[in-house]
Amino acid sequence: MTTLRSILPFAGMEWDTWCFPIPGPDGRTSLIVFISIDVSEPRRKEQELRDQLALIERQQRVIQALSTPIIEVWDRVLTLPLIGVLDSRRSAEVMDSLLARVSATGAQFAIIDLTSVEGMDSVTANHVLKLVHALRLLGAEGIITGIQPSIARALIGLETSLDGIVTLATLRDALEFCMRTPRRAAG
């Protein structure tokens, strides 16, 4: 004999209903007991929480998009002006977003502007260098601009060669570099 349970709508409410078979002296079911509890209010609150979580997730996606604004400043030239602290989590998001955008647009140049980055540790600095290498694998030139002294220390502390990585003082310098560099045909 099995106890059954189900949530049933009735009279505009939701009922958590339990069905208990009661055996008689001979072992066969002689009585069935039903217990129903109105669960409308808890279910409504549960749905409200789900709706709030969905709203928070949408807001987080908007905040993430705003924290990594990739701007097409010229034909096949993207720039990513970063602001604030660049940590490991955010640098991973930056990499994902920028690589996807370069791939989608066929950009030839991607300028990573660090002018307004307040801080960066050596792990994150290494991530930025990996981003430049990943851009090359997609056929784009990664250009780093606006390196502050603290970021320069983090990059040098990596003891990794920066050969072949274009670093310029300002975004303007990077745009001039892009204008001077021979362009390959859009493919």
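Computed from the coordinates by the stated procedures, all read-outs in this text should not be read as laboratory data. Keep in mind that this is a model prediction, so the values were computed, not measured.
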Fill in the blank from the handout: So the angle from the long Cα axis of helix 88-105 to the longest Cα principal axis of the chain, reported in degrees to the nearest 10, equals 70
Fill in the blank from the handout: So I35 and I63, fully extended at 0.36 nm per residue minus their Cα-Cα distance, gain in nm 5.3 nm
Handout entry: Ellipticity estimate at 222 nm from DSSP helix runs (n ≥ 4, -39,500 (n - 2.57)) divided over the chain, nearest 500
Key = -14000 deg cm²/dmol
Practice task
Can you tell me the equivalent ellipsoid semi-axes for the chain? Use √(5λ) from the Cα gyration tensor, largest first, whole Å.
Solution key: 61, 18, 16
Exercise for the section: Relative to the longest principal axis of the C-alpha atoms of the chain, give the angle of the C-alpha long axis of helix 122-137, reported between 0 and 90° and rounded to the nearest 10°. Expected result: 80
Fill in the blank from the handout: Of all DSSP beta bridges with both partners in the chain, the antiparallel percent, nearest 5, is 55
Completion exercise
Taking the reciprocal of mean 1/r across every pair of different Cα atoms in region 83-187, the Kirkwood radius in Å is 14.1
